[in-house]
Structures are given as structure tokens and as C-alpha cells.
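The values are calculated or read from the model by the stated rules, or taken from the named source; none is laboratory data. For clarity, every value in this text was computed on a predicted model and none was experimentally measured. Cβ sites come from the backbone with ideal geometry, for glycine too, and all protein chains shown count toward neighbours. Accessible surface areas use protein heavy atoms only, side chains included; no ligands, DNA or RNA. Shrake-Rupley method; radii C 1.70, N 1.55, O 1.52, S 1.80 Å.
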Amino acid sequence: MTCRTHATCDLIDIGANLTHDSFDHDRDAVMQRAREAGVVQMVITGASREHSPKALALAQAHPGELFATAGVHPHHAVEYTAECDAEMRALLAHDEIVAVGECGLDYFRDFSPRPAQRRAFEMQLQTAVDTGKPLFLHQRDAHADFMAIMKQFDGQLGPAVVHCFTGTREELFDYLDQDWHVGITGWLCDERRGQHLRELVPSIPAHRLMIETDAPYLLPRTVKPAPSHRRNEPMYLAHIVEELARDRGEDVAVTAANATATTRAFFGLPGG
Ligand SMILES: [Zn+2]
């Protein structure tokens, strides 16, 4: 069944890097294609000092439809100075900014030194404590340090989502044990490295599960025909939720409706 024909299949992309340069020439068309695919709201990822204000501006230009996060990805951790911290806190004063992040640890690429990553992560967790806003988290190949740092803030943080979950069963259950949420992307559709996810996703309770494209990254490999430019777009969320529903053994309308309800409750988004 196709989701777009179903009134109950309103989708929300919780992780779209819509300020990315690759969308500069056709952002409005990208948004229109997303609407036509049933994507009714999106949370635009703010992942750097440069792009977090752009994410806010985009959200402000599309009230009720686009929302944004404000944060600095571990790749950019070296830019997390005291001035940057003040800028992020100013962004977070806006209602359109619905989460702190993207923040966390990435020891896979190590684009920023690990001590700088840990410091930027801790500072952003303190911001989450101070603002009471939800957390949009990134963790790759850094699970032990990630859990240890999160533990320092135990009992002080609001809701948290570990976005683009690609980890192991043990990591998944560590997150669920903490009552954190999990975001699933088109990584699921990657037969080379996402096969284990297909077996894990039935274990995620509906009230902990959200969906995202991480566009323009992670074009689902099962989209046919693959677009020649390889750019992922929010419209492919409809494809991801169909794959996810099949793996969970659910009707896609059920998976979609649950993810949307969970997302609205998590970020405090207006209902459709
Ligand atoms: Zn990420």
C-alpha cells in the first residue's frame, strides 16, 4: 500500500539537514515533494555554528510546518567556544527550536579530537538541563563514553532521542533502559551494513520510535530507481516507513501514526 493515499499516514521527519548547500537551488521543490509524499512536518537539524541559525530562519519562514534544533555536531566540536555556547543558548530561546543538538560523540570519523568532542557534548547537555528542552543525540563508535557522560547528567535531563540509530542490540537496550527514544533512518535499507537493524526494530516500543531521513545523507538503497544525484530528500521518508513497517510486521498506517504521535509528544509539536 502507498502511504500517501492514507489520511492517517501523516509523516514527520525528525532529522532533515535542509539547510545543506545541496538544497540551495531547489529547497522549495524539495519541500513540495515531501508534502506530496505525506510529510506534514519536519525538524531541521542544526549541527554547527553556521547552520543552526539557518535552521531557525528556515523554521521561522514555515511556521507550524518546520521546526529546528540548535547544536554542534561532534565533527564540529572544536568550534564550541564560550561564544558559541552563548549563541546556541540564544537560539534555544526561540519556540521554533524544539531540541538541543545535534550533539554527541563520533569516534568513527574523529573529525574533532575526542577531548574536544567530550567537552562540547558536556556543555550542550548542561544547556539542555538549563533550558529543559529535549535532546537530539548522535553517537557513533563511542557508546561507552557516551553513556558515561550522559550518566553525569542523570535525573536532570528531559526527553532524549538517539538519532540515526545504527548500533548493536546491547546499545539499543541501553538506550531503551534509560527511557530514551530512537530515530530510524534509511540505514535500515542498506543491505551491506543495515541488515542487523531489520532484526532489531521490532524490539523498539512504538512510544519510543521516530523516523527520519537524515537528508541529504543516507539515500535509502532500496529506493528504485535511485536518483542519479544520490541526494536523499525528505520525500523518501514514505519509503523508509514502509520498509520499517514491514520489518516490524505492522501495517504501515499503524507504524506511521504511532511515530507521528510519538514525535509530536516528544518535541511538543502542534497536532495535524
Ligand atoms: Zn548524526
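Some points to look at:
- When segment 17-43 is limited to residues that are over 26 Å from PHE111 (Cβ atoms) and polar (S, T, N, Q), the one that is surrounded by the most Cβ atoms within 10 Å (Cβ to Cβ) turns out to be GLN41.
- Count - residues of segment 247-262 that are outside any helix (DSSP H, G or I) and in contact with a helix residue (DSSP H, G or I) (Cβ under 7 Å, 6 or more places away or on another chain): 2
- Residue in segment 44-64 that is open to solvent by less than 10 Å² (accessible area, probe 1.4 Å), under 20 Å from ALA99 (Cβ atoms) and in contact (Cβ under 8 Å) with a residue 60 or more places away in the chain present: yes
- Some residue of segment 54-74 being over 21 Å from PRO159 (Cα atoms), among the hydroxyl-bearing types (Ser, Thr, Tyr) and out of contact with any helix residue (DSSP H, G or I) (no Cβ under 6 Å at 6 or more places or on another chain): no
- Close pairs (7 angstrom Cβ cut-off, 6 or more residues apart or separate chains): in a loop (DSSP other than H, G, I, E, B) in segment 177-192, open to solvent by 30 Å² or more (accessible area, probe 1.4 Å) anywhere: THR185/LEU218; ASP190/ARG221; GLU191/ARG221
- Pairs, first at positive phi in segment 147-170, second of a type in the set (Asp, Glu) and within 16 Å of the ligand (Cβ to nearest atom), C-beta under 7 Å, six or more apart: CYS164/GLU212; CYS164/ASP214
- The single condition from (1) modelled with pLDDT of 95 or more; (2) outside any loop (DSSP other than H, G, I, E, B) that THR213 fails is (2).
- Residue pairs whose Cβ atoms lie under 6 Å apart, separated by 6 or more positions or on different chains, with the first residue in segment 65-87 and under 24 Å from PHE108 (Cβ atoms) and charged (D, E, K, R) and the second open to solvent by less than 20 Å² (accessible area, probe 1.4 Å) and more than 13 Å from the ligand (Cβ to nearest atom), do not occur.
- Count of residues meeting criterion [in contact with a helix residue (DSSP H, G or I) (Cβ under 7 Å, 6 or more places away or on another chain), assigned to a loop (DSSP other than H, G, I, E, B), among the charged types (D, E, K, R) and open to solvent by 10 Å² or more (accessible area, probe 1.4 Å)] in segment 216-246: 2
- Taken over segment 95-148, the criterion of being open to solvent by less than 10 Å² (accessible area, probe 1.4 Å), over 23 Å from GLU171 (Cβ atoms) and touching an Asp or Glu at 6+ places or on another chain (Cβ under 9 Å) is satisfied by THR127 alone.
- Subset of segment 60-115 that is among the acidic types (Asp, Glu) and more than 16 Å from the ligand (Cβ to nearest atom) - its residue that is nearest to GLN32 (Cα to Cα): GLU65
- Residue list for segment 126-144, restricted to those being away from the ligand (no atom under 16 Å from the Cβ), assigned to a helix (DSSP H, G or I) and not β-branched (Val, Ile, Thr): GLN126, ALA128, ASP130, ALA144
- Scanning segment 94-112 for residues that are over 20 Å from VAL162 (Cβ atoms) and in contact (Cβ under 8 Å) with a residue 12 or more places away in the chain yields HIS94, GLU96.
- Every residue from segment 152-200 that is of a type in the set (A, V, I, L, M), in contact with a Gly (Cβ under 7 Å, 6 or more places away or on another chain) and farther than 24 Å from ARG119 by Cβ: LEU188
- Residue that is surrounded by the most Cβ atoms within 10 Å (Cβ to Cβ) [pool: residues in segment 158-213 that are of a type in the set (D, E, K, R) and within 16 Å of the ligand (Cβ to nearest atom)]: GLU212
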